[in-house]
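Have a look at the structure below before the remarks.
Coordinate-derived values only; no laboratory data. Quantities reported herein were computed from a predicted structural model and do not represent experimental measurements. Heads up, the Cβs are rebuilt from the backbone with ideal geometry, glycines too, and the neighbour counts pull from every protein chain shown.
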Amino acid sequence: MSELQKEFHPGDVPQTPGVYVFRDRFAKVIYVGKAVNLRRRLSQYFQPSRTRYADAKLRSLINTIANWDFYPVRTENEALILESRLIKEYAPYYNILMRDDKRYLMLKINLNEPFPTLTLARVRKDDRYRYFGPFPNGGALKSTLEFLLSHFGLRTCRTAQPDDETRKRCLKRIVKDCCAPCTGQVTPEEYRQKVDQMLSVLNGNIKELSAILQQRMKEAAAAQRFEKAAHWRDVLTNLETVFGEKNRSFSRAFLPVESGEAAVLALQEALRLPKPPRHMECFDISNILGTLAVGSMVCFENGKPARDQYRRFRIKTVHQSDDFAMMHEVITRRYKRCLEENRPLPDLLVVDGGKGQLSSAIAALVECGCPPFPVIGLAKQQEKFFGPGRPQSVRLDRHNPALRMLQAMRDEAHRFAIGYHRELRNKRLQQSLLDEIEGIGPQRKKQLLETFGSVRELRKASVAEVVQKVPGIGETFAAKVLAQLNRKAPPRTQPPATKPEPPAAAPSQ
């Protein structure tokens, strides 16, 4: 740690908000943190007293740091968002919070509906909604959302097309917080004007609304209604917190990898290759017990990622948790196509794994009829690599740039595979029960969801309502759809009936 203290110079770190990243001796990300002032925060880690008086966890982290980096951003909120993205992407060992799939809140609105409204969301989906955010301060966002819907008189009901049934259960109409489009009091054009005014606020134009809130606050204070004045003060503070400055979303956050010409030449020397590995390809597999199994391939050229040549594979022939067979399939598909299209083969092929994955890759190359070229497997446990014809594994010095580049390739392939796997999981979450009903295609599904808002609301409808509200659907098909959605669970097995006991004899007189 003393060497790190000598290498750290506070003057090299800006006094701005940002995110800092610590790596261990294997170049693996072990901690991601945020700071309002990067210089002040990083200086705290490299004070000599930290190694003596800090708690056990912090001492362990400091003693594990072998390298660090920092990424300045514009605001503290951007630092929060970038930190969350990187933690979810790399899952560092010393980060306890934010490692789950929970994300910061966003706002979404479907402008294709006749009466659009604003709702909360955590996942940005590829659908017909327009998204705003993410917003790190969830409490301020929820309070501001409630105020905006009330101020502009927008509806809060979940139904896509509010009707008389919706009106009967609406409390916002009674307290005058909704313009009640279900009663016909406003036309779709008038309602859209209110929506446009709210969208202007969401885009950061809050001066006019802030002036209104300040005036309300002053009037309440002049009338000695101090609780009301405090309420408008809090609303104004939340509004400025959420929409005062626009934050970047960092939806594709990743860390740069250590690579370069020196690493390429060092790798040639370490592996005793006939020529420098200018073009390298690395493969990884990602699955959960065999489900939604995917493979990834990343490409490095001259020691730097060539992201335009990345490829991803959906496993088609393996239906159980078998990483060796999955690796065999991915390698076969990749290089069989390369041979058919006369594409150049890489100077080095790297597979993420040990002897098993390496054997599967070599077997696939032989079956494809590939000419021989260097292939190695990089094991995660002890950072050792294996090669064909090498009875023993080879371990490089942890400071060797060749090992750092191999680790960077392995981590990049792992990140790319997990990203594709997560994307497939999100698509599965977007699937609807309507997809399982025969006779419902994309257009009919869109009609039903836009009319009723959700499958839950569709379940509550009657056959007559479906026929009346959705053009082109007859009674027979509507009854079939509702029967499928409302099909009951199998009845529980009842315990065998016990034989009734004979009535007790009446006592003799």
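Descriptive notes on the structure:
- Value in Å of the Kirkwood radius, where segment 311-461 supplies the Cα pairs that are averaged: 18.8 Å
- Restricting the trypsin sites (Lys or Arg not before Pro) of segment 56-90 to loop positions (DSSP other than H, G, I, E, B) with no more than 14 neighbouring Cβ atoms within 10 Å leaves Arg74.
- Projection of the Cα convex hull of segment 321-387, averaged over all directions and equal to a quarter of that hull's surface, yields 4.4 nm².
- Cross-link reach is defined here as a Cα-Cα straight distance under 20 Å, omitting same-chain residues fewer than 8 places apart; for Lys207 the aspartates and glutamates meeting it are Glu146, Asp196, Glu219, Asp234, Glu240, Glu245.
- Of the cross-linked pairs Lys316/Lys336; Lys336/Lys384; Lys108/Lys194, those separated by over 18 Å at the C-alpha level are Lys336/Lys384.
- Under the Debye formula (equal points on every Cα, no solvent term), log10 I(q)/I(0) of segment 262-385 at q = 0.09, 0.11, 0.19, 0.21 Å⁻¹: -0.24, -0.36, -1.10, -1.33
- Taking each of Lys460/Lys480; Lys28/Lys427; Lys125/Lys427; Lys142/Lys460; Lys445/Lys469; Lys125/Lys446 in turn, the alpha-carbon distance tops 19 angstrom for Lys28/Lys427; Lys142/Lys460.
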